[in-house]
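The values are calculated or read from the model by the stated rules, or taken from the named source; none is laboratory data. These numbers were taken from a predicted model, which means no experiment stands behind them. Virtual Cβ from ideal backbone geometry, glycine too; neighbours counted across all protein chains shown. Just the protein is used for accessible areas: all its heavy atoms, side chains included, with ligands, DNA and RNA removed. Shrake-Rupley method; radii C 1.70, N 1.55, O 1.52, S 1.80 Å.
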Amino acid sequence: QVQVVESGGGLVQPGGSLRLSCAASGSIFSIYAMGWYRQAPGKQRELVAAINRGGSKNYADSVKGRFTISRDNAKNTVYLQMNSLKPEDTAVYYCNAVIFEPGATMDYWGQGTQVTVSS
């Protein structure tokens, strides 16, 4: 009964910025971690950024210094601020949430939001 929904994707020019949002809702006991993955044409899905329950963050080397992940615990929401976007950032971005439900730990994925950086 948990739903994960992303928003904020779009078309931007190189060097531009976007802010993605991901909200988890439903029968949530607590959240272990939330993160962003992306999948570009011809490539496998890869981790972009993640934040765990303690607030520790990690980033893919390709986005360090350009992307920032943050969260609003009261809203069960994470954000991905993407600056200095490059054409190679073009991908479908997926939100992932690892959620502690009563009696279980579950992994949920959003539907994806398209980010296109023009070249």
Spans of strands (runs of 3 or more DSSP E) in region 30-87 with at least 2 residues among the hydrophobic types (A, V, I, L, M, F, W, C)
30-39, 46-52, 67-72, 77-82
Count of residues meeting criterion [at pLDDT 90 or above, open to solvent by 40 Å² or more (accessible area, probe 1.4 Å), at negative phi and over 13 Å from the mean Cα position of the chain (by Cα)] in region 75-105:
5
Looking at (1) on the phi > 0 side of the Ramachandran plot; (2) of a type in the set (Gly, Ala, Ser); (3) touching a strand residue (DSSP E or B) at 6+ places or on another chain (Cβ under 8 Å), which is the one condition that is false for Ser17?
(1)
What is the residue count in region 64-74 for residues that are within 19 Å of Trp109 (Cα to Cα) and either exposed (fewer than 15 other Cβ atoms within 10 Å of the Cβ) or out of contact with any strand residue (DSSP E or B) (no Cβ under 8 Å at 6 or more places or on another chain) (or both)?
3
Test: Ala23 is open to solvent by 20 Å² or more (accessible area, probe 1.4 Å), aliphatic (A, V, I, L, M), without any contact (Cβ under 8 Å) to a residue 12 or more places away in the chain and not in a loop (DSSP other than H, G, I, E, B):
no
Are any residues in region 29-63 closer than 18 Å to Asn83 by Cα and either touching a Phe, Trp or Tyr at 6+ places or on another chain (Cβ under 8 Å) or open to solvent by 90 Å² or more (accessible area, probe 1.4 Å) (or both), and if so, which ones?
Trp36, Tyr37, Arg38, Leu47, Val48, Ala49, Ala50, Lys57, Tyr59, Asp61
Please go through region 1-18 and give me each residue that is under 17 Å from the mean Cα position of the chain (by Cα) and of a type outside the set (A, V, I, L, M), ordered by number.
Gln3, Glu6, Ser7, Gly8, Gly9, Gly10, Ser17
